[in-house]
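Enquirer: Mind having a look at this structure? Questions to follow.
The values are calculated or read from the model by the stated rules, or taken from the named source; none is laboratory data. Given the structure is predicted, the values throughout are model-derived calculations rather than measurements. Please note: Cβ atoms are built from the backbone with ideal geometry, for glycine as well, and neighbour counts cover all protein chains shown. Remember, those area values only see protein heavy atoms, side chains included, never the ligands or the DNA or RNA. Shrake-Rupley method; radii C 1.70, N 1.55, O 1.52, S 1.80 Å.
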Amino acid sequence: NTEQSKPVTGHEGHNVNTSNSSQQVADHDNHNGNQNTSSKTIVHKTIKVEGLCDMCKDRIEKTALKNTGVSSASWDKKTKALHLNFDSSKTSLSVISSAIAKVGHDTEQHKADDKIYDALPSCCKYRK
């Protein structure tokens with residue numbers, strides 16, 4: 001019987017193409033009952049965030065990425081634009097903007113508290 005000579009992979013009963021092992025793992029990992037990807041609503045939004053230097057860039061992007069549902073954050077020093085991709089069923093632009101203001105950076109929607117702003121390094125002081 002040739003079936004007995006096949007190695008046991010843990011994928012028995014699954015229609016798995018062995019020529020694409022990375023896809024096998026991704027497909028197999030989706031067998032956790034949470035396959036409802038239709039509830040995900042990934043959106044791209046841009047918001048103006050004040051800042052000056054690479055330290056600002058790092059702080060702004062890291063803060064945005066800490067929000068559940070944010071998959072990417074890229075702040076442009078020159079244009080002050082923060083480009084975001086996020087799952088709108090898990091967070092909102094307002095929530096992300098508020099988090100960024102809480103670490104010292106004014107946004108279109110939220111102003112940073114003066115005490116937090118004053119504690120920023122001198123190279124990050126964007127207010128005139």
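Enquirer: Which residues, taken from segment 86-116, are closer than 24 Å to residue 53 by Cβ, touching a strand residue (DSSP E or B) at 6+ places or on another chain (Cβ under 6 Å) and either among the polar types (S, T, N, Q) or part of a loop (DSSP other than H, G, I, E, B) (or both)?
Expert: 97, 105, 107, 108
Enquirer: If you check every pair at least six apart or on different chains, which have Cβ atoms under 9 Å apart with a residue in segment 95-114 that is at negative phi first and a residue that is basic (Lys, Arg) and part of a helix (DSSP H, G or I) second?
Expert: What qualifies is 100/59; 103/59; 103/62; 105/59.
Enquirer: Exactly one of these conditions fails for residue 73: (1) within 9 Å of the chain's Cα centre (by Cα); (2) surrounded by fewer than 19 Cβ atoms within 10 Å (Cβ to Cβ). Give me its number.
Expert: All conditions are met except number (2).
Enquirer: Look through segment 38-51, keep the residues that are open to solvent by 90 Å² or more (accessible area, probe 1.4 Å) and either among the aliphatic types (A, V, I, L, M) or assigned to a helix (DSSP H, G or I) (or both), and return whichever of them is farthest from residue 100 (Cα to Cα).
Expert: For segment 38-51, the residue satisfying everything is 38.
Enquirer: Follow-up. In segment 19-29, is there at least one residue being polar (S, T, N, Q) and modelled with pLDDT of 95 or more? Spell out the reasoning first.
Expert: To start, the set of residues in segment 19-29 that are polar (S, T, N, Q) comprises 19-24.
This time we only want the ones that are modelled with pLDDT of 95 or more, so: none.
Scanning segment 19-29, I find no residue that is polar (S, T, N, Q) and modelled with pLDDT of 95 or more, so the answer is no.
Enquirer: May I pose another question? Take the residues in segment 52-78 that are assigned to a loop (DSSP other than H, G, I, E, B) and touching a residue at least 24 places away in the same chain (Cβ under 8 Å); name whichever of them is farthest from residue 121 (Cα to Cα).
Expert: The first filter runs over segment 52-78 and keeps only residues assigned to a loop (DSSP other than H, G, I, E, B), leaving 52-53, 66-69, 76-78.
Then keep just the ones that are touching a residue at least 24 places away in the same chain (Cβ under 8 Å); that gives 52-53, 66-67, 77.
On the way: 52: 11, 53: 10, 66: 21, 67: 24, 77: 16 Å.
Of everything passing the filter in segment 52-78, 67 is farthest from residue 121 (Cα to Cα).
Enquirer: Would you please name the residue that is farthest from residue 55 (Cα to Cα), looking only at residues in segment 117-128 that are exposed (fewer than 13 other Cβ atoms within 10 Å of the Cβ) and free of Cβ contacts under 8 Å to residues at least 60 places away in the same chain?
Expert: 128
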